[in-house]
Amino acid sequence: MPELPEVEALVAFLRENAVGRVVARADLTALQALKTFDPPLSALAGLEVTGVTRHGKFLDLDVSGLHLVVHLARAGWLHWRTGLPAAPPKPGKGPLALRVHLDDGNGFDLTEQGTRKSLAVYLVHSPSEVPGIGRLGPDALLVDREQFAALLAGRHGQVKGALTDQTVLAGIGNAYSDEILHTARLSPFKMADKLTDDEVVRLYDAMRSTLTDALDRQVGQRAATLKGEKRSGLQVHARTGLPCPVCGDTVREVSFADTSLQYCPTCQTGGRPLADRRMSKLLR
Ligand SMILES: [Zn+2]
């Protein structure tokens, strides 16, 4: 799932390549992706892209006062396209959800892989009309240490859940929370409101460094290569069974119904593996 650094890199890319261009047409091929109906997508035609910004993990194209807001969800992505074909794409086939044509013949595709379709597109007059944006907590890159400590202190539950709850802190998802907790040498199951002052400082510094390192790697990349870049920078996330680059211990995972987390026992949990219901079931 694209998180703050990937979406920020897309913002930077679109600022350079789409701002100043006029939208020629928007072709919707996955009807369920569009969550609003007024104004219609056809209202974009003839309007200039005047700005691009980000709200947490939401991408926001300002098209002369209309906001095309995109939540890429788990398997969505934006592909920049040069020389788009003029013929409209066939609806309902393949991963394409929305194609936006610009007046210079270029444009972009919003796509979503897999069968669980949760990519969401909104066309609104103000981004605050998008429910997920209205509920966002402060941006992970904009909170200071005191704010961050207060957010965690007010949150009952595990620190992994606090970091990924967009109403607490905006921009961090499953991958970067694994990375941040690994850098901070904290168990994902620690209680957010029970962290010591020292742990909160470590977590805050780890969040800043993880996100800014990822941003440095990604901003300036072409939209097509951003995803691979994310993977290459990861230390524990999606690396189950591989050695931890810090200590050499084997990266382990805990599985949930539809997701999983990865961590290093030596770096994060005093060498003890965390309970994993699926693993213990398999071993029984
Ligand atoms: Zn380690």
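So the values come out like this:
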| quantity | calculated |
| --- | --- |
| Added length on full extension, which subtracts the Cα-Cα distance from 0.36 nm per residue, Ala275 to Gln32 | 83.7 nm |
| Around Arg81: net Lys/Arg minus Asp/Glu count, Cβ-Cβ under 10 Å | 0 |
| Long pairs among Lys90/Lys117; Lys35/Lys117; Lys93/Lys117; Lys57/Lys160, criterion Cα-Cα beyond 20 Å | none |
| Anisotropy class of the stretch 1-88 from Cα gyration tensor, a/c 1.5 cut | rounded |
| In nm, spacing of pseudo-spin labels at Arg135 and Ala43 (7 Å Cα→C-beta vector) | 2.4 nm |
| The stretch 141-210 shape via C-alpha gyration tensor axes, a/c threshold 1.5 | rounded |
| By average C-beta atoms within 10 angstrom, highest first, the peptides 199-209, 67-77, 4-14 | 4-14, 67-77, 199-209 |
| Rounded if a/c under 1.5, otherwise prolate or oblate - the stretch 69-112, Cα gyration tensor axes | oblate |
| Sorted peptide list for 170-183, 137-150, criterion being average Cβ within 10 angstrom, highest first | 170-183, 137-150 |
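Where a number appears in this text, it was derived from the coordinates with a stated rule and is not lab data. Note that the structure is a prediction, hence the values are computed from the model and not measured. No Cβ is skipped: glycine too gets one built from the backbone with ideal geometry, and neighbour counts run over all protein chains shown.
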